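None of the figures in this text is laboratory data; all of them are computed from the coordinates on show. Computed from a predicted structure; not experimentally measured. All Cβ positions, even for glycine, are placed from backbone atoms using ideal geometry, and neighbour counts span all protein chains on display.
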Amino acid sequence: MDPPYEGHRHRRLSIRRRRLIKPLDSTRANPSQSQTERGWRRRRRDGLPLRAPPRRRGARRRLLRRGLCLLHAPQDPRPAPPLRPRPTPPHPPPPRWRSPRLRPGGCRRGPRPHSAAQGSRSPHHAHPAGAPAAPHRPRGPVISPGSTKRVGAIVRPTTPKSPVPIVSSFERIEDSDDEEEDLVPDAKNDAAYLTTNGTIESELLPDKTSQNGELKTVPSTQMIRSHSATGSLHAPQLNPIAADILRKEPEHETFSKINITAVETPSPDEIEAYKVLHKCLELRERYIFREEVAPWEKEIITDPSTPKPNPNPFNYEHQAKTEHHFEMVDGVVHVYPNKDSRERLYPIADATTFFTDMHYILRVLAAGDIRTVCHHRLNLLEQKFNLHLMVNADRELLAQKAAPHRDFYNVRKVDTHVHHSACMNQKHLLRFIKSKLRKEPDEVVIFRDGTYLTLKEVFESLDLTGYDLNVDLLDVHADKSTFHRFDKFNLKYNPCGQSRLREIFLKQDNLIQGRFLAELTKEVFSDLEASKYQMAEYRISIYGRKKSEWDQMASWIVNNELYSENVVWLIQIPRIYNVYREMGTINSFQNLLDNIFLPLYEVTIDPASHPQLHVFLEQVVGLDLVDDESKPERRPTKHMPTPEQWTNVFNPAYAYYVYYCYANLYTLNKLRESKGMTTIKLRPHCGEAGDIDHLAAAFLTSHNIAHGVNLRKSPVLQYLYYLAQIGLAMSPLSNNSLFIDYHRNPFPTFFLRGLNVSLSTDDPLQIHLTKEPLVEEYSIAASLWKLSSCDLCEIARNSVYQSGFSHRLKSHWIGRNYYRRGPEGNDIHQTNVPHIRVEFRHTIWKEEMELIHLGNVKLPEEIDK
């Protein structure tokens, strides 16, 4: 017998509506009749599987569109209170069945069983014989105390065994004329809330029922808006911590500070070690180039709007020639006020002094007590950061969520180390080659063996067609064969293993004057500008074989109008003197220095002598030294031959290259700064492989370096790089292909300890597979090293600091006060880096600097110029 419907409003409800409420104790089910074929209504009564009525399958879809059917209600983790059992009627004899008949109005009505024990059926409620009357229920839907559900949605009550509402997918809500009034969705009933434990609350019911049946008020801060009126058992449950964070006020300025600095005074050995480290930092300040007037002092940014792009970046403005005179003396350019004066304007330490100071650094690196102190300090830095994350990670997440609009994807990221000849991915290069082979097959592209060849003839000589080409045949991607084989890695620059294809497509000094490479570069620029938030510093080569290389490079840039607001240039100098000496192109190392630096001094003193070079140098921000560092070399001594005396066929040591490039660049920067021109910083490849003295030489002379993975071998140098905050443009995927496996890369350790690290791509043509190689680099690092969003944004912020972009662009990208140290220089609305993280990094660095200086230091409030 069917129980009475709870909360009916009218004279009677249809049998279809009343059968939505399952009896609380189905004692009438008879398993012996489970195999009978006596109709679906009896099988429904017996609680057995059944099929839906054939003509009533559309009712549930209509109700789903109205949002009134809860087939998958959210799970209530609270145990439901025991329900009051209904009186059990006696087992009636088997009923006699009647065929279906039509109700008044033409609606089909299901077969109704009747028996003598039931007697006559009331038009409203029927009670078993001898059973007490059912308690009176108020009209309208009732919220049971066991679980709070949305008003207006019809669900089954929960059972004591399981808090999941029992709603069978076989049960259908059938439509009829008398039910439309009850099933119309109410705007107030639709406003439902899902509490942090998964239950649904209604705005009409501000009280929440406790487990003992009493009502208690639910604070609004414990509830979060639900996006769906129905729920899902398989949907992810909301995190209560995240819900609380969303409802809290932003806490940008306060965080848990834990002081774990030792209170006892340092030992005499530690004091001596600190004094030696302090002297090393003073040596660096003696060598490093600093501008007399900082960029933020030259140009004060008052307009916070987006800087307007340069409408004519290649416009040459005439500048008068000055009376400066220069000459090369022992490999270093000396600048004088005029030809008659012999007073050197910008003196600099000579080679003997530099190598003496470098050997002092190397002795410090080998001292056991200093290594112990530095190793201890580095481990302490790492543990401090881990402890900071344990107590402040939630606050950092809160600050990031409170910053509107910004996330990792729309903060500025600079690819601080990428070579121009490999700036595209392999699929991009393949499409470009096929496009040119299809559109310009008759273009004369190369002169070989006394014959001019067209592009089609070149591929015919290689027995290739455009249809044959694919990424595998192109063979420019690094693989296992390149590990510890820098020579094989360089051969990957040759498409299809052919140097002639590299000359045609990846060189600018060829028969077609680099037109193909220029068009390919413009396509890469277009991709960068489409991404908007990714920038790059492309390295382009000057070999030093002849002085005219600078003019050829500048004319290629200017004539092809290679300019983008997202791109600046660095000049890379390959350290391959021995190759040119064996070829007879140059006679001494002095010839190499003359070809590299003398044109730069000429255009600085008289811009009209090289107008295109003058325009190009406005976009050049750095000088790089590149080549295989793993080659064995002799460590330079205090008394080395001068460049003019270096005429043998052996390649000089890395430190020898570094000093003479640094000395000439230092004097050039002083001269250009005096004339109001842009300066060029030394940012070499260093520490990818080879000896540790490479990093010692770069510590004294360089602003930033590329790679730096060998810092893991020297705790002293690693600590010095931390104290000086020298930028490290690291490329874990590139290192994985050449010198060190990805899981052994020290990047995550450097980041935890607070070194100034950024991620870069190095060679997307050989390394990466996607259209956005920089994002690919970030994504792999985040996945394998479990970097958080705050970590990624901090690394992106570091990349902007390391880059050579203008002060105006940096002010727009990371905040107008970016040059100030600590949280005062951070704008979370631009960088998405919480003030908590920046203040922690600055506080720990300041403590270390005060420790090294034994408390006698006044740290500058601005970053290094």
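Here are the numbers:
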quantity	calculated
Fewest-first sequence of 458, 579 by Cβ atoms within 10 Å of each Cβ	579, 458
Residue-count net charge about residue 615 - beta-carbon cut-off 13 Å; Lys, Arg +1, Asp, Glu -1	-4
Neighbour net charge for residue 553 - beta-carbon separation under 13 angstrom, K R +1, D E -1	+2
Global geometry of segment 265-342, whether rounded, prolate or oblate, following the gyration tensor of its Cα atoms and the 1.5 cut on a/c	oblate
Segment 451-505: mean projected area of Cα convex hull, nm²	4.2
Range of Cα positions in segment 470-564 per principal axis (Å), largest first	39, 38, 25
Estimated distance in nm for a label pair at residue 318 and residue 631, the labels positioned 7 Å out from Cα along Cα-to-Cβ	4.6
Radius of gyration and maximum dimension Dmax of segment 751-833, Cα, Å	13.8, 41
Extension gain from residue 366 to residue 300, taking 0.36 nm per residue of separation minus the Cα-Cα distance	19.2 nm
Using a Förster distance of 45 Å, the FRET efficiency for residue 820-residue 576 (Cβ separation, nearest 0.05)	0.60
Largest-first principal axis extents, alpha carbons of segment 620-779, Å	48, 41, 33
Residue 749-residue 340 FRET efficiency (beta carbon distance; Förster radius 51 Å; 0.05 resolution)	0.35
Counting DSSP beta bridges with both ends in segment 278-852, the antiparallel % (nearest 5)	25
Likely footprinting exposure, 768, 694, fewest C-beta neighbours within 10 Å first	768, 694
Kirkwood-type radius of segment 692-827, with distances r between different C-alpha atoms, in Å	15.7
Computed magnitude of the charge dipole of segment 278-852 (debye, nearest 20; Cβ of K, R +1, Cβ of D, E -1)	960
Three principal axis lengths of segment 588-686 [C-alpha, angstrom, descending]	42, 26, 22
Those residues of segment 329-345 whose amide nitrogen sits under 16 Å from the label point placed on residue 352, 7 Å along Cα→Cβ	330-332
Loop-located chymotrypsin sites (Phe, Trp or Tyr not before Pro) in segment 383-489 whose Cβ has at most 14 other Cβ within 10 Å (DSSP)	467
For segment 571-611 versus segment 821-850, the gap between their alpha-carbon centres in whole angstrom	42
Prolate/oblate/rounded call for segment 278-852, Cα gyration tensor, a/c under 1.5 rounded	rounded
Cα gyration tensor, segment 279-436 - rounded (a/c under 1.5), prolate or oblate	oblate
Sites residue 618 and residue 547, calculated FRET efficiency, Cβ-Cβ separation with R0 22 Å, nearest 0.05	0.60
Residues 301, 557, sorted so that the one with the fewest Cβ neighbours within 10 Å comes first	301, 557
